[in-house]
Amino acid sequence: MKWNWGTKIALSFFLFGVFILYMVVQAFRQDFDLVTENYYQEELQYQERIQEKANLLRSGDEIIIESNVGDVLFKFPESFSDAEGTIYFYHPSRKLFDKTFQVDLNDQNQQSINRDELVRGRYKVKVSWQVGGLSYFQEKELYLQ
């Protein structure tokens, strides 16, 4: 069979159509996780988050977050010894890897979270707690290897 220029153009259009169809199928197979399911509700509560950060700044204390070989350690200052709240590990790439823990301090005002419960990767750790009628919030980037 002889390939003239008309056959080549027709074959090129056909291959281009197959390529576009393949790309459309691949695009629909992708799973996109939203940052949050209830975006508008959290947007309305954003002013509260700003106030919680300001409360932390006024207190002059911060939580120290350290990543060790076997665990992630949260060291609360003495002024937050009666803290009640949540620790949220947000994994930007997959919602499946997000984890939430309750603040449960030991005698040294520390909390340890086992690294086996977390997947390796980058996390945004969000700690929200209340002490004495005031709410506080702290956020830190953490990379677990």
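Here are the numbers for this structure:
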quantity: Taking only Cα atoms of the range 1-73, radius of gyration then Dmax in Å; calculated: 28.0, 83
quantity: Over the chain: helical MRE at 222 nm, DSSP H runs n ≥ 4 each giving -39500 (n - 2.57), nearest 500; calculated: -10000 deg cm²/dmol
quantity: Straight-distance crosslink candidates among lysines, where the alpha carbon sits under 20 Å from LYS126 and sequence neighbours closer than 8 are dropped; calculated: LYS53, LYS75, LYS95, LYS99, LYS140
quantity: Gain in span if fully extended, ALA54 to GLU37, counting 0.36 nm per residue against the direct Cα distance; calculated: 3.5 nm
quantity: The range 1-81: GluC sites (Glu not before Pro) falling in loop per DSSP and having at most 14 other Cβ within 10 Å; calculated: GLU37
quantity: Degrees between helix 46-59 axis and first principal axis of the chain (Cα, 0 to 90, nearest 10); calculated: 40 degrees
quantity: Rounded tilt (10° steps) of 5-29 against the dominant C-alpha axis of the chain; calculated: 20 degrees
quantity: For the chain, the longest site-free run once chymotrypsin sites (Phe, Trp or Tyr not before Pro) in DSSP loop states with at most 11 other Cβ atoms within 10 Å are removed; calculated: 33-145
quantity: Shape of the range 39-144, Cα gyration tensor, a/c cut at 1.5; calculated: oblate
quantity: For VAL119, net neighbour charge (Lys/Arg +1, Asp/Glu -1) across residues whose Cβ lies under 11 Å away; calculated: +2
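A short reminder: the numbers here are calculations on the coordinates, not readings from a lab. What you see is a predicted model, and the numbers here were worked out from it, not measured in a lab. Quick reminder, even Gly has a Cβ in these numbers, built from the backbone with ideal geometry, and neighbours come from all protein chains shown.
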